[in-house]
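Everything on this sheet refers to the single structure shown next.
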Amino acid sequence: MDARPQHRRLVAILSADAEGYSRLMGDDEAATVRTLTQYRALITAGVANHNGLVVDAPGDNLLAEFASVVDAVTCAVEVQRALRVHNAALPEARRMRFRIGINLGDVIVDHDRLYGDGVNIAARLEGLAEGGGICLSGTAYDQVEGKLSLVCDDLGEHVVKNIARPVRVYRVRLDPDSTPTPALRTRPARRRRVPMVIGVLVVLALLGAGGWAGWRWLRVPTSSGPALPDKPSIAVLPFVNVSQDPAQEYFSDGVTEDLITGLAKLSGLFVIARNSAFTYKGKPVKVSDVGRDLGVRYVLEGSVQRMAGRVRITAQLVDATTGYHIWAERYDQEARDIFALQDAVTQQIVRTLAVKLTEAERARLGRTVTAVPAVYDLVLRGQEERYRTTREANLESRRLFAKALELDPGYARAYLGLSWAHLQSFQFGWSTDPETLERARELAERALALDSTLDQTHSVLAQILLWKREHDRAIAEAERAVALAPHDADGYETLAEVLAWAGRPDDSLRSIQRAMRLNPQFPFFYAWTLGHAYYLARRNGEASDALENVVRRNPNFLAAHAYLAVLYTEQGRDQEARQAWEKARRLMPEASSSDIRQRLPYRRAADVERVIAAMHKARL
């Protein structure tokens with residue numbers, strides 16, 4: 001570990017980003033990347049020519065430091081004028097205009113990176129600048145006043161996010177003879193307090209007796225989202241496939257999922273589940289919106305490129321509360337070293353967020369799981385097929401997992417994937433082989449014999465044991481999965497499912513609610529598990545609400561219709577009960593009370609008889 005001490009220094013910070021970058025990417029990704037690459041090279045050369053140093057350049061952002069404010073401002077002016085020339089050759093809709101903010105401030109230097117308010121203020125100034133413009137802080141302006149032949153407009157003091165004191169802002173007028181545009185002035189807080197109070201009183205007076213309600217209606221609505229956890233929290237957005245072959249999408253998705261799975265095993269880190277993170281796939285998003293919607297402080301984004309036997313991963317970690325890029329790296333190795341690449345990204349996150357690892361967690365990091373790159377590829381493809389949830393895709397996933405085992409009979413994840421596929425075939429009734437469930441069990445136990453730290457193997461075994469009505473063992477396996485991956489949402493959902501069937505609905509509710517926080521955009525079956533637990537806890541109103549949500553999201557989910565029918569029957573809502581029973585019968589016309597007793601894996605006989613009693617009351 002690098003033990004170099006942190007130290008401080010006074011530097012000029014230049015922060016730049018491209019205005020409208022998301023729109024440009026949405027219109028034409030390839031053209032935007034070409035322009036960005038060309039313009040970033042121009043800016044980097046300008047920084048070097050004026051004795052500066054680029055210290056960070058993630059995405060469309062660039063951060064540079066200078067020993068001299070005069071050098072920083074001169075560089076910024078020359079860069080903006082050069083970019084104007086380049087933009088003039090492009091159609092208006094394709095022009096990329098950079099905003100630049102410059103501040104003189106004290107910063108912390110740690111492992112060649114800069115931190116502190118000195119950097120944050122430069123980023124805020126960049127946000128206040130117009131596209132193609134430059135904004136200076138008061139401290140920076142004081143250093144160049146009288147030294148450069150520039151005209152600057154005083155925009156007054158601004159209260160900016162996460163900075164305790166207002167910052168005085170100056171706008172550099174690149175065309176000194178032009179008429180200044182209206183200032184972006186927001187006056188200092190103390191000056192505007194009296195007129196603001198008067199304005200509020202006038203509005204309330206005009207609104208009359210309904211004043212308060214009217215004022216609430218006039219306010220801009222806000223959404224706070226889930227509260228931040230009490231530990232570092234992160235969402236890993238789907239890494240973009242930038243390979244020449246669109247068919248490589250499964251690979252970039254698989255790499256993303258493996259990163260999420262690996263991070264979820266760390267007890268000191270709160271990690272959003274794959275399902276919620278992948279709702280942003282292919283969409284232009286603001287990191288701040290992601291952080292707010294999912295209730296996390298940090299967002300990891302990046303890209304994957306695989307070609308000519310090599311894999312390149314770029315990754316950047318962003319603070320969603322400030323928008324500031326904490327670090328960005330590019331990792332480039334041969335395809336067989338994909339696990340080393342993933343481990344490097346994980347280790348960087350752990351170091352940056354100061355995540356404390358247990359000895360067991362430290363030992364699990366950096367494991368080599370297979371030495372055959374083709375095997376990993378087959379497992380990712382099999383996983384992708386299984387997620388499609390069709391009979392045909394299930395058969396294809398089983399073929400791919402079996403092929404992986406032919407190439408590497410010692411790869412635990414291939415046994416795990418094949419076990420999941422057999423269990424899925426059993427659950428959906430696609431297999432007529434009575435030994436399907438037992439085969440799933442054998443494969444899961446084989447995977448555990450090879451690697452007992454695979455949390456998902458404990459989860460699949462828990463579900464298999466549940467169907468075999470080995471409730472105590474099922475609970476033990478589900479709890480083991482949660483212990484190995486304390487922030488894996490699906491692990492908590494499996495535990496909740498097993499606890500409910502075992503007659504512990506209150507414990508089930510706690511577990512499924514934990515799963516939903518880790519997976520805010522949860523799939524419909526989370527709502528089923530929640531509704532089932534409410535049903536068993538005799539919280540019938542909440543059970544009905546949850547199960548009605550399930551059938552809205554998945555009208556073909558048999559269990560939700562059947563249990564709504566039971567609830568409606570018990571509540572005397574006879575017409576609704578008949579409609580729910582009819583929908584359930586259409587989905588499974590051959591069902592009988594003896595079938596129900598055999599199919600439902602309840603531990604408590606009373607829970608089965610409750611369903612049967614409702615069926616008899618409805619004369620089914």
Within region 100-130, restricting to residues that are crowded, with 18+ Cβ neighbours inside 10 Å and out of contact with any strand residue (DSSP E or B) (no Cβ under 6 Å at 6 or more places or on another chain), the one that is nearest to Val169 (Cα to Cα) is Arg124
Selected residue (criterion: nearest to Asn49 (Cα to Cα)) from residues of region 70-80 that are over 38 Å from the mean Cα position of the chain (by Cα) and of a type outside the set (Asp, Glu): Thr74
Among the listed residues Glu384, Glu361, which satisfies the condition of being of a type in the set (Asp, Glu) and more than 30 Å from Gly429 (Cβ to Cβ)? Glu361
Show the residue pairs meeting these rules: Cβ distance below 6 Å; 6+ apart or different chains; first residue within region 568-579 and free of Cβ contacts under 8 Å to residues at least 60 places away in the same chain; second residue of a type in the set (Ser, Thr, Tyr) and assigned to a helix (DSSP H, G or I). Glu576/Tyr568; Ala577/Tyr568; Ala577/Thr569
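Condition check ((1) out of contact with any Lys or Arg (no Cβ under 7 Å at 6 or more places or on another chain); (2) surrounded by fewer than 19 Cβ atoms within 10 Å (Cβ to Cβ); (3) under 24 Å from Ala122 (Cα atoms)) across all residues:
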residue: Gly20; (1), (2), (3): yes, yes, yes
residue: Gly26; (1), (2), (3): yes, yes, no
residue: Thr32; (1), (2), (3): yes, no, no
residue: Leu36; (1), (2), (3): yes, yes, yes
residue: Tyr39; (1), (2), (3): yes, no, yes
Taking region 359-413 only, how many residues are more than 22 Å from Lys265 (Cβ to Cβ), among the charged types (D, E, K, R) and outside any helix (DSSP H, G or I)? 2
Just to be sure before I move on: is Trp420 in contact (Cβ under 8 Å) with a residue 12 or more places away in the chain and over 22 Å from Gly262 (Cβ atoms) in the structure I sent? no
Condition test on Arg351, is it surrounded by fewer than 18 Cβ atoms within 10 Å (Cβ to Cβ) and either within 23 Å of Leu263 (Cβ to Cβ) or not polar (S, T, N, Q) (or both)? yes
Limited to region 343-360, what total is found for residues that are in contact with a Phe, Trp or Tyr (Cβ under 9 Å, 6 or more places away or on another chain) and either closer than 26 Å to Val375 by Cα or in contact (Cβ under 8 Å) with a residue 40 or more places away in the chain (or both)? 4
Of the listed residues (Ala584, Ala591, Ala543, Ala537), the one being modelled with pLDDT of 90 or more and out of contact with any Asp or Glu (no Cβ under 7 Å at 6 or more places or on another chain) is Ala543
Residues (within 26 Å of His561 (Cβ to Cβ), in contact (Cβ under 8 Å) with a residue 60 or more places away in the chain and not in a helix (DSSP H, G or I)) located in region 469-517: Arg469, Ala502, Gly503
Do you know which residues across region 122-151 are in a helix (DSSP H, G or I) and acidic (Asp, Glu)? Glu126, Asp142
Inside region 101-132, can you point out the residues that are over 29 Å from the mean Cα position of the chain (by Cα) and basic (Lys, Arg)? none
Report yes if Glu609 is over 15 Å from Pro505 (Cβ atoms), modelled with pLDDT of 90 or more and of a type in the set (D, E, K, R), otherwise no. yes
Complete set of residues in region 467-481 that are surrounded by fewer than 22 Cβ atoms within 10 Å (Cβ to Cβ) and out of contact with any Pro (no Cβ under 6 Å at 6 or more places or on another chain): Lys468, Glu470, His471, Asp472, Arg473, Ile475, Ala476, Glu479, Arg480
Does Asp293 qualify as being assigned to a loop (DSSP other than H, G, I, E, B) and either touching a Gly at 6+ places or on another chain (Cβ under 9 Å) or of a type outside the set (Phe, Trp, Tyr) (or both)? no
Counting only strands (runs of 3 or more DSSP E) wholly inside region 1-115, the ones holding at least 3 residues that are at pLDDT below 90 and more than 23 Å from Ser303 (Cα to Cα) are 7-18, 98-110
Taking region 249-273 and the residues there that are crowded, with 21+ Cβ neighbours inside 10 Å and without any contact (Cβ under 8 Å) to a residue 60 or more places away in the chain, the one that is farthest from Ser459 (Cα to Cα) would be Ser252
So which residues in region 431-450 are buried (at least 17 other Cβ atoms within 10 Å of the Cβ) and either of a type in the set (Phe, Trp, Tyr) or not in a helix (DSSP H, G or I) (or both)? Ser431
I'd like the residue in region 147-197 that is at pLDDT 80 or above and among the hydroxyl-bearing types (Ser, Thr, Tyr) and, out of all such residues, is surrounded by the most Cβ atoms within 10 Å (Cβ to Cβ). Tyr170
For Ile464, are the conditions met, namely being under 24 Å from Arg603 (Cβ atoms) and surrounded by fewer than 22 Cβ atoms within 10 Å (Cβ to Cβ)? no
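The values are calculated or read from the model by the stated rules, or taken from the named source; none is laboratory data. Just so you know, these numbers come straight off a predicted model, no measurement behind them. No Cβ is skipped: glycine too gets one built from the backbone with ideal geometry, and neighbour counts run over all protein chains shown.
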